[in-house]
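Shown next, in C-alpha cells, is the structure this report addresses.
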Amino acid sequence: MSALVKALYGVFSATALALAAGAAQAALPDLTGVWLIEGHVGAVKTVDGGTPALTAAAKKVYEEHRRAAAHGDYSFDGVTHCLPPGLPRLMLMHEPFEILQRDKIIYFVHQLNRLPRRAYLNEALPTDVDPHYLGYSVAHWDGSTLVIESAGFDDSTLLDNAGLPHSEDLHLTERYQLSADGKHLHLNYTVDDAKTFTKPWSGQADYTRQVGYEVPEEVCAATPADKRPRS
Amino acid sequence: MRTLKRASFAIAGLAVTVAAWGQVPPPASAPSGAAPAPTTLHNSGDPTLALTPGLRGATAAPKGAPPGNPDPHNLEGVWWMSGYQYMLGPDVGVPPPLKPEYMAILERRIRAKNRGTPEADASTQCLPHGMPRVMESPYPIEIVQTPGRITFLHEVAHNVRRIYLDRPHPAPLTQTFLGDSIAHWEGDTLVVDTVGLNDKTFIDDEGSSHSDQEHVIERYTKVDNGSTLQLIVTVEDPVTLEHPYSYRRVFRWRPDVRPQEYVCEENNRNAPVEGVTVAK
C-alpha cells in the first residue's frame, strides 16, 4: 500500500488547487442516489449488437466456461464463493448500487456483498498498480459526462455473467451520462485488452434511479451458495 | 468465581455505578492512577484468562499532509483509530459489565483463544463485525457525507454503515449484522443511534456477548482543529449487560491513506460455517 500511497501523495495539492478554482462544479449533474440496471445481461453485446472478438487463447478459456456452465458448474466464477465480480461485470449485474458523488471521489457502493468502489477525480491512472478485483479507478468530468478510467485488474474475474475472461492488461473506460430528468443513467463502456480481444470494443447499459430505496445489508457469506446472486 | 470478579473490580478501582437504565456513566479514558491496565481478565493473574494486548494504532498524519477540515460538521475523509483494544469494556483491561452467565461465556472464549483453539466469530466467517466491534478496527474508515446521510466505508471486510439523518428507525425493524443507524447533531456532536442488531456478533474481539436487544449510541466530535475525531460509545443491552457502560476512543485524520481492497472471502476456504473451532 505504501508505494501506491506515496505515488499518489503528490497529486493531492494539485487536485486541491484545481478544485478550488473550479466554481463550475455547481453545473455538474448529480449522480448521487441508488441505481438499478434495466433488463438482465447474460453475455455482453457490443454497441452494434455483435459479440466481442476474442483471441484464440481467450476463446478457448471462454468456451471452457460455457461448457462448464452448461452442466451447471460455475466453479470458474469467483462470485459463487463470494469474491468480487470484477468490472465491468459488477456494473452489469441486476443488483442495485448507490453512487455517492463528492468533489474529489465518486463512490459506488454496491448492494452485492456491500462492495465499495472509488474513482478518484482529476488524477492520472497510476502506471504500476498491484492487481485488484475491482482495479484502480480515476475519473474526470467531460462536460456533463462522468468518465472513469480503470486498470490494475486481477485476471481471475470475469467481464460478464456468461464467463467472458480478461487479462491483467484490461483497461476499462466508462462514460456515464445522466438524463435531463435525472431519472436515467446511461453507460457506454470500452474494453481494451489486446491479450483477450482482437480489438477494443464498446458496450452499453442503462440504469433507472431507485427513488426512496434504501440499500439493505447483503452479506454473501450469510447467504446459502445456491441463493447467491451471480448475474 | 464471582467473588474473584468483584474483588478484582475493586482492586482495579473501576467499578461503575449506574442508578438506572438511560443514565450513563462518564467514560474513562486511559487507566487512571499509576496502576497498569489489567493483562488478564478480572486482573486475576490467571494465564488462561490472558487478554490480547491492545495496539498502538494510527499515529498522526505525516508532515505535509493536508490539515483536517476545522468545520465541526464536516466529518468527511479517512480516519484511523489510535489505541485499538480487543476488549471493549469501560476501561482498558476491564470487561463489559456482563451478567454472570455471559461473563462465563467470555471466560470460556478467552480460555479457548489462549489454548490456540479460538471459537469462531463473525469476522472469521467473513460476516460483518457487528456493533460496536466494527468501529474498533486497526484498518482505516472513510466517512462520506451526502444530503440526509452519512456513510462509513470500512476497509476491514468492506463493511458499510449507512446512517440516516432524515428518518426515524423503521418499524418493524429487520435485524442485521450492523443494525439500523440514525443520527442527529447535538451542537457539534454527531449522535448515532443503532438498534436492529442480530445476535450473531460480539461486542468485541475477545467475545463479549450481546443480544438482539442491544442498543448502541455513538457520539462523534471533532477536536484539535479536525486532526482528531473523538468517539464516545455507549452500549446498552438488557439481556447480556448488568447496566449500560461507555468508553472513549479517538481516530486520527489521515488524508494520506487510501482505503484498500480487503477481500476476507479470499481466505475463507477453510473457515467453518457451523461449529466452533477455526484453527489449530
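None of the figures in this text is laboratory data; all of them are computed from the coordinates on show. For clarity, every value in this text was computed on a predicted model and none was experimentally measured. All Cβ positions, even for glycine, are placed from backbone atoms using ideal geometry, and neighbour counts span all protein chains on display.
Summary of values
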{"read-out": "Packing-based ranking, highest mean first, of B:120-132, A:139-151, A:205-217, A:65-77 given that Cβ atoms within 10 Å are counted", "value": "B:120-132, A:139-151, A:205-217, A:65-77"}
{"read-out": "Convex hull per residue volume in Å³, alpha carbons only, for segment B:92-195", "value": "157"}
{"read-out": "Exercise: per-residue mean of other protein chain Cβ atoms within 10 Å, B:120-126", "value": "2"}
{"read-out": "Segment B:145-202 shape via C-alpha gyration tensor axes, a/c threshold 1.5", "value": "oblate"}
{"read-out": "Length added when fully stretched, residue A:46-residue A:190, from 0.36 nm per residue minus Cα-Cα", "value": "50.9 nm"}
{"read-out": "Cα-based convex hull, segment A:33-227, per residue volume (Å³, whole number)", "value": "127"}
{"read-out": "Space enclosed by the convex hull of the alpha-carbon atoms of segment A:153-200, per residue, Å³", "value": "88"}
{"read-out": "Theoretical ellipticity at 222 nm over chain A - DSSP helices of four or more residues, -39500 (n - 2.57) apiece, nearest 500", "value": "-4500 deg cm²/dmol"}
{"read-out": "Neighbouring partner chain Cβ atoms per residue of A:115-126, average, 10 Å criterion", "value": "2"}
{"read-out": "Candidates per trypsin sites (Lys or Arg not before Pro) in segment B:113-160, loop by DSSP, up to 15 other Cβ within 10 Å", "value": "B:115"}
{"read-out": "Per-residue average of Cβ from other chains inside 10 Å of A:213-225", "value": "5"}
{"read-out": "Relative exposure of A:82, B:264, judged by other C-beta atoms within 10 Å (fewest first)", "value": "B:264, A:82"}
{"read-out": "About the Cα centre, charge dipole magnitude for segment A:86-195 (Lys/Arg +1, Asp/Glu -1 at Cβ), debye", "value": "460"}
{"read-out": "45 Å tail of the calculated P(r), the protein assembly as shown, as % of Cα pairs", "value": "17"}
{"read-out": "Under the span-like rule (Cα at least 24 Å along the axis, Kyte-Doolittle mean at least 0.5), DSSP H helices of chain A", "value": "none"}
{"read-out": "Cβ charges +1 (Lys, Arg) and -1 (Asp, Glu), total dipole of the protein assembly as shown, debye", "value": "860"}
{"read-out": "Karplus (6.51, -1.76, 1.60) ³J(HN,Hα), θ = phi - 60°, over segment B:155-160, in Hz, Gly and Pro reported as x", "value": "5, 5, 6, 6, 5, 10"}
